[in-house]
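Since every read-out is calculated from the coordinates, none of them should be taken as a lab result. Source: prediction; values computed, not measured. Backbone-built Cβ (ideal geometry, glycine too); neighbour counts: all protein chains shown.
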Amino acid sequence: MAVEALPLDSALVAKYQLELTPAGAPVIRQKGLNGVKHDATEDDLYDVAEALFSLVDYPLLQVLLRKNFELNKE
């Protein structure tokens, strides 16, 4: 039997550096944007993350896309 993957919701996660600890280690935080359309392109999502973080003083370190699927047997 074949298995079908049905796209569910996705989330865009942006990791950024908040500050440095007294020892000099970076303090990393992340913000998520849920409800991303499953047909949004990776290029567009990366551009959105860069645009949002251009408005704040924290450097964007990493952009993640978390896709969720439901697996069903056909």
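Of note:
- The amide H of Tyr58, built 1.01 Å from its N in the peptide plane, has no neighbour under 5 Å, considering only residues 5 or more places off or on other chains.
- Residue-count net charge about Leu18 - beta-carbon cut-off 15 Å; Lys, Arg +1, Asp, Glu -1: +1
- Restricting the range 1-51 to trypsin sites (Lys or Arg not before Pro) that sit in a DSSP loop and have at most 13 other Cβ atoms within 10 Å of their own Cβ leaves Lys37.
- Surrounding net charge for His38, when Lys and Arg each add one and Asp and Glu each subtract one, Cβ distance under 10 Å: 0
- Taken one residue at a time, the phi angles of the range 56-69 give Karplus couplings (6.51, -1.76, 1.60, θ = phi - 60°) of 10, 8, 9, x, 6, 9, 7, 10, 10, 10, 9, 9, 10, 10 Hz. Gly and Pro are set to x.
- Whichever aspartates and glutamates have a C-alpha closer than 14 Å to that of Lys73, once near sequence neighbours (fewer than 8 apart) are set aside: Glu4
- Acute angle (nearest 10 degrees) that the helix 42-53 long axis makes with the longest principal axis of the chain, alpha-carbon atoms: 30 degrees
- In the chain, the DSSP-assigned H stretches of four residues or longer account for a calculated mean residue ellipticity at 222 nm of -5000 deg cm²/dmol, using -39500 (n - 2.57) per stretch and the full residue count as denominator.
- Taking the inverse of the mean reciprocal distance over all distinct Cα pairs, the Kirkwood hydrodynamic radius of the range 3-73 comes to 13.7 Å.
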